[in-house]
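Before any comments, here is the structure.
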Amino acid sequence: MNIGVIRYLLTAAFLLCATAAQAASTQTDFDTAFAAAQTAEKEAGMFKNQWIPTEQALAAAKKAAATGDFDTAINQAKQAEALAKASIAQSKEQDTAWKAGVIH
């Protein structure tokens, strides 16, 4: 075999292994993502603006983690976090937007 071909095959094998290692999520990865989502959801609760889709995404994340599908669980937890943060942003925006509707 040509040395160039060997280098190519070794590089391809290394990249394939590195990609596979990054794709495999763990319970710890899920716990981190889920904790961030819960924190955001608690903050949304302080604004009294918790959305049902956020709760559904949290439930789906728990369900996926229970079956060991950590990639899906993490994706659902990240979606829940994004939804919670959007509800927080909505609350903050609405807190001052009413002023624009007041007749002066």
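FYI, it's all coordinate maths here, none of it is from the lab. Keep in mind that this is a model prediction, so the values were computed, not measured. Note that we place each Cβ from the backbone using ideal geometry, even for glycine, and neighbour counts take in every protein chain shown.
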query: Asp31 to Ser91: extension gain in nm, 0.36 nm per residue of separation minus the Cα-Cα distance?
result: 18.9 nm
field: Restraint check, Lys62/Lys92; Lys42/Lys78; Lys42/Lys92, Cα-Cα greater than 19 Å
entry: Lys62/Lys92
query: With θ set to phi - 60° and the Karplus curve 6.51 cos²θ - 1.76 cosθ + 1.60, what are the ³J(HN,Hα) couplings of region 34-42 in order, to the nearest whole Hz, using x for Gly and Pro?
result: 5, 4, 5, 5, 5, 4, 5, 5, 5
Peptides ranked, highest mean first, by Cβ atoms within 10 Å: ranges 53-64, 88-99: 53-64, 88-99
- request: In nm, give the distance between the simple-model label positions of Gln56 and Ala100, each being 7 Å from the Cα along the Cα-to-Cβ direction.
  value: 2.8 nm
